[in-house]
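What follows is a set of notes on a single structure, which appears directly below.
Just so it is clear, none of the values below were taken in a lab; they were calculated from the coordinates. For clarity, every value in this text was computed on a predicted model and none was experimentally measured. So basically every Cβ, Gly included, is an ideal-geometry build from the backbone, and we count neighbours across all protein chains shown.
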Amino acid sequence: MNAVTDAVTPALPAPIGLLAELTHRCPLRCPYCSNPLELDKRSGELDTAAWQRVLTEAAALGVLHVHLSGGEPTARQDIVEITRTCAELGLYSNLITSGVAGALGKLDALYDAGLDHVQLSIQAAEAANAERIGGLKNAQPQKFAFAERVVALGLPLTLNAVIHRGNIHEVATLIDLAVTLGAKRLEVAHTQYYGWAYVNRAALMPAKPDVDRSIRIVEEARERLKGRLVIDLVVPDYYAKYPKACAGGWGRRLMNVTPAGKVLPCHAAETIPGLEFWNVRDRSLGEIWAQSPAFQAYRGTAWMKEPCRSCDRREKDWGGCRCQALALAGDAAATDPACSLSPLHAKVQALAIAESALETAPDYQYRTIGGAPLVTQPEGVTA
Ligand code: SF4
Ligand code: FES
């Protein structure tokens, strides 16, 4: 064992996934982006050698999957080199991309470097709507050309469609589109309200009857398309009965490395005040996984309050999402208000219903690097 693997004890299993946020730069400006409001600038990004060291440490630690993400990961000049390093280390690489700007021009080289899988975002099925949501003209034909080349290369293609008030009427056509483009998998992912999505919540919140209808459409299509298309469904938290096990449980399965090298237990962890995040510039990934104060803060169940503390689901969903508990209830150690057992759940549902009932949705506050002067935080709920 080397120094990296020494840090992992039998009581602390290795993480299986690494989300490598290579850059926050992105040609799209989606209002549902879960990136933080203060985006890392290019000048602060880790360089190629640092990422290669991180990937080497990840492999030694036991990580199996690396999600090359951002922002738009193909905006990095060294994306091919980084992908090749994943392949050399035996790490399964998944490119999470918008498929626009220079992405297509790099695709063949990424394939040659050993890329394993592509996850392509799609903002809507109808081009004008997609381009309004993503904030980039002429994006849709670029995405279609990108998807076509992915399939021609024989790479498995997943389409990721974030669903909200502005495209929930297109779920059926998005499913048809996934089949037409030759995707093997489609993620129908109702918006999770973090980062830019949280400040755009009132613009994005769908009505409950529309959510129910979209779920029925997915269920019918799953049956009809068995063997051709797998459809993953992420239900909207605010209308859920039980919360998701966010990030697979805090500090249990995933590590998230930001463009500037901070290592987070989940992508929104920086919104929780008082947490100390260690940086790959200063420490090894193994040391961070085992000892970083941020990873230890909500690992396991000892930190839980009631009703989670005595709930028999506490090792299934790990109390839901800490960042959502903080955003909505003002306490990161509270039961996620998405849970029907939370005393705040009814208020969260009422809030969602009120926002979705607005006759005219507010304008989007588009994601932008370098400040978000118009952004205001929406209200939470209190006991
Ligand atoms: Fe999960 Fe806590 Fe709700 Fe139980 S009370 S279902 S552990 S969030
Ligand atoms: Fe941070 Fe869910 S996003 S715990």
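Projecting the Cα atoms of THR97, LEU358, ALA294 onto the dipole axis of the chain, where Lys and Arg carry +1 and Asp and Glu carry -1 at the beta carbon, places LEU358 farthest toward the positive end. With 29 Å as the limit, write out which pairs from LYS208/LYS244; LYS41/LYS137; LYS262/LYS347; LYS106/LYS316 have Cα-Cα distances beyond it, or answer none. Among LYS208/LYS244; LYS41/LYS137; LYS262/LYS347; LYS106/LYS316, the Cα-Cα distance tops 29 Å for LYS262/LYS347; LYS106/LYS316.
Compute log10 of I(q)/I(0) for region 122-199 with the Debye formula, placing one identical point scatterer on every Cα and leaving out solvent, at q = 0.27 Å⁻¹, to two decimals. Here the Debye-derived log intensity ratios amount to -1.34.
How about region 271-329: which GluC sites (Glu not before Pro) there are in a DSSP loop, with at most 10 other Cβ atoms within 10 Å of their Cβ? Those satisfying the criteria are GLU276. Taking the number of Cβ atoms within 10 Å of each Cβ as an exposure proxy, the fewest-first ranking of PHE295, PHE144 is PHE144, PHE295. Annotation: peptides 330-342, 131-143, ranked by per-residue average of other Cβ atoms within 10 Å with the highest first, follow the order 330-342, 131-143. Region 309-340 and region 241-260 have Cα centres lying 13 Å from one another.
Sorted fewest first by neighbouring Cβ atoms within 10 angstrom, LYS208, LYS226 come out as LYS226, LYS208.
Calculated on the alpha-carbon coordinates, the convex hull of region 260-309 measures out at 87 cubic angstrom per residue. Within the shell of other residues whose beta carbon sits under 9 angstrom from the beta carbon of GLN192, the net charge comes to 0, with Lys and Arg scored +1 and Asp and Glu -1. Mean projected area of the convex hull spanned by the Cα atoms of region 233-330, taken over all viewing directions: 6.9 nm². The 3J(HN,Hα) values that the Karplus relation (6.51, -1.76, 1.60; θ = phi - 60°) gives for region 236-245 are, in residue order, x, 3, 5, 9, 7, 8, 10, x, 7, 7 Hz. Gly and Pro appear as x. Over all pairs of different C-alpha atoms, region 10-120 has a mean inverse distance whose reciprocal, the Kirkwood radius, equals 14.4 Å.
Taking a ≥ b ≥ c as the square roots of the Cα gyration tensor eigenvalues, region 313-352 comes out oblate, since a/c reaches at least 1.5 and a/b does not exceed b/c.
Ordered by the count of other Cβ atoms within 10 Å of each Cβ, fewest first, TRP303, TRP51 give TRP303, TRP51.
Looking at the chain, the pairs of alpha carbons with a distance over 28 Å make up 46% of the total.
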